[in-house]
């Protein structure tokens, strides 16, 4: 109904409404009653750069819902094909993949693809459909083996669905989705839309913006985040026992990776940043030549500092093999950091870990264990359900340093460094997730109109004082609501800089122009609150 679209906007909001209405209370996350929902927003496929997509389901990691966000070109193609949501229910009798081209939908046998890596599967599916312009989302062995660490992969490394979306996809015997749209997106008021487009791009174009973070973000993506967090002593190191990792900070610096390994820049559909994702080539890697998408701060922190890994070639291999197997590298890194601390304390021994010495910084051991986790082999089967359940099985006090929220392994932002991040982790209904409060650093106040500042439920001039808890509850609530709006529109939270961090009038104008339905920025804030409440 139209009122549902107006109330929940699209993308993440519409996904949540469908999940809430259609999945029965008590449904098994890995059972046929659970839904796997892919949703795009009303502005996807337009030049504004709305290239994101939300996948939503009931999480096998937490028993609550989960949602993951990913980009590239799947979302606009979904919109071009005429879909706002694609929903999978039930379970196929045997492995299948689905091919969608506009209104044509075909299920094909996929038994021959079962067991293949995500990279192999994507290449095989494109070859079988005979068109490499299809956008593909796949699972790897981790999803096939129903690990809650399993995510959904596309474009040879674009990941989305932390919390076990890959396992839900595997539980449905769905190996891959290949999609192509040949239509377009109708705009109700093109002139007004162009005004909104110009206003948004003015904030995101490094030649016109006054926000100091825009340019480094365009060049390095999240690779510069460890530099920022280190300044606060918040570079999560050795299972969060330390807050500084100088050897990794120098080895993994964005400038160094740009100079030595970046072979090209990548971007989501019509993204104004255009280069925050990178194609890397490591021709001198001891594991063999690696050409891949990445790495971002999530890998640097979770697979690097959290596990004491400062070898850049080892880090690249860990990132690459996680994507190939369809494992979330953030959750896997947190899990392996727990293993290493338990190993150091003598709670785990080589006899427990299948003879693998799980010592700090041992990336060779991590590579072996990641393969075991994805395949549920030996000790990997103990670990494959995540750090919470693994620590409960091992016991001996290891639960005390198993880092998770509601069963979802820690993400890559240290919650103890900032009052609002710690609070956000504690109240997050999904678990340990930082993107609901992204970005964690303050905007440039001089860029924001006084009219908007007066409408905020806190004093923006005071609320970013790290030494005080004042206003942090109001800040977290407002950030949850407004970041939900961004995921409903399906724009990227990383580009939400400059005055756009707070001032949603250009987004309201764009949505009004696209749909023909009048939206104010307060309507968007209310829609975000509605999504969070649901």
If only one of 249, 280, 244 is part of a helix (DSSP H, G or I) and either farther than 24 Å from residue 466 by Cβ or not assigned by TED's automatic domain parsing to the domain that holds residue 44 (or both), which one is it? 249
Out of the stretch 333-364, which residues are in a helix (DSSP H, G or I) and either surrounded by fewer than 17 Cβ atoms within 10 Å (Cβ to Cβ) or in contact with a strand residue (DSSP E or B) (Cβ under 7 Å, 6 or more places away or on another chain) (or both)? 334, 335, 344, 364
Would you check which residues across the stretch 377-405 are surrounded by fewer than 19 Cβ atoms within 10 Å (Cβ to Cβ) and not in a helix (DSSP H, G or I) and list them? 377, 378, 395, 396, 397
When (1) in the same structural domain as residue 345 (by TED's automatic domain parsing); (2) under 21 Å from the mean Cα position of the chain (by Cα); (3) buried (at least 18 other Cβ atoms within 10 Å of the Cβ); (4) free of Cβ contacts under 8 Å to residues at least 60 places away in the same chain are applied to residue 268, the one that fails is (4)
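To keep it simple, each residue is scored yes or no on (1) touching a helix residue (DSSP H, G or I) at 6+ places or on another chain (Cβ under 9 Å); (2) part of a loop (DSSP other than H, G, I, E, B); (3) exposed (fewer than 15 other Cβ atoms within 10 Å of the Cβ).
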residue	(1), (2), (3)
187	yes, yes, no
193	yes, no, no
199	yes, no, no
203	yes, no, no
208	yes, yes, yes
218	yes, no, no
Only one of 322, 310 that is crowded, with 16+ Cβ neighbours inside 10 Å, touching a residue at least 24 places away in the same chain (Cβ under 8 Å), assigned by TED's automatic domain parsing to the domain that holds residue 397 and touching a strand residue (DSSP E or B) at 6+ places or on another chain (Cβ under 9 Å): 322
For the list (1) touching a helix residue (DSSP H, G or I) at 6+ places or on another chain (Cβ under 9 Å); (2) over 20 Å from residue 435 (Cβ atoms); (3) modelled with pLDDT of 90 or more, I need the number of the one condition that residue 499 fails. (3)
How many residues, within the stretch 406-441, are touching a strand residue (DSSP E or B) at 6+ places or on another chain (Cβ under 8 Å) and either assigned to a loop (DSSP other than H, G, I, E, B) or at positive phi (or both)? 7
Taking residue 393 as meeting all but one of (1) farther than 17 Å from residue 147 by Cα; (2) in contact with a helix residue (DSSP H, G or I) (Cβ under 6 Å, 6 or more places away or on another chain); (3) without any contact (Cβ under 8 Å) to a residue 40 or more places away in the chain, write down the number of the exception. (1)
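Listed here are the residues, each with its yes/no results for (1) buried (at least 23 other Cβ atoms within 10 Å of the Cβ); (2) in contact (Cβ under 8 Å) with a residue 40 or more places away in the chain; (3) more than 21 Å from residue 494 (Cα to Cα).
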site	(1), (2), (3)
3	no, no, yes
7	no, yes, yes
14	yes, yes, yes
18	no, yes, yes
21	no, no, yes
25	no, no, yes
31	no, yes, yes
40	yes, yes, no
50	yes, yes, no
For the stretch 464-491, which residues satisfy the criterion of being modelled with pLDDT under 90 and surrounded by 23 or more Cβ atoms within 10 Å (Cβ to Cβ)? 491
Condition met for residue 410 (surrounded by fewer than 18 Cβ atoms within 10 Å (Cβ to Cβ), touching a helix residue (DSSP H, G or I) at 6+ places or on another chain (Cβ under 7 Å) and touching a residue at least 24 places away in the same chain (Cβ under 8 Å)): no
Out of the residues in the stretch 294-306 meeting the condition of being under 12 Å from residue 322 (Cβ atoms) and outside any loop (DSSP other than H, G, I, E, B), tell me which one is modelled with the lowest pLDDT. 298
Single condition residue 134 does not satisfy, out of (1) at pLDDT below 95; (2) over 17 Å from residue 37 (Cβ atoms): (1)
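The values are calculated or read from the model by the stated rules, or taken from the named source; none is laboratory data. What you see is a predicted model; the values in this text were computed from it and never measured. When we count neighbours, we look across all protein chains shown, and the Cβ atoms used for this are built from the backbone with ideal geometry, even at glycine.
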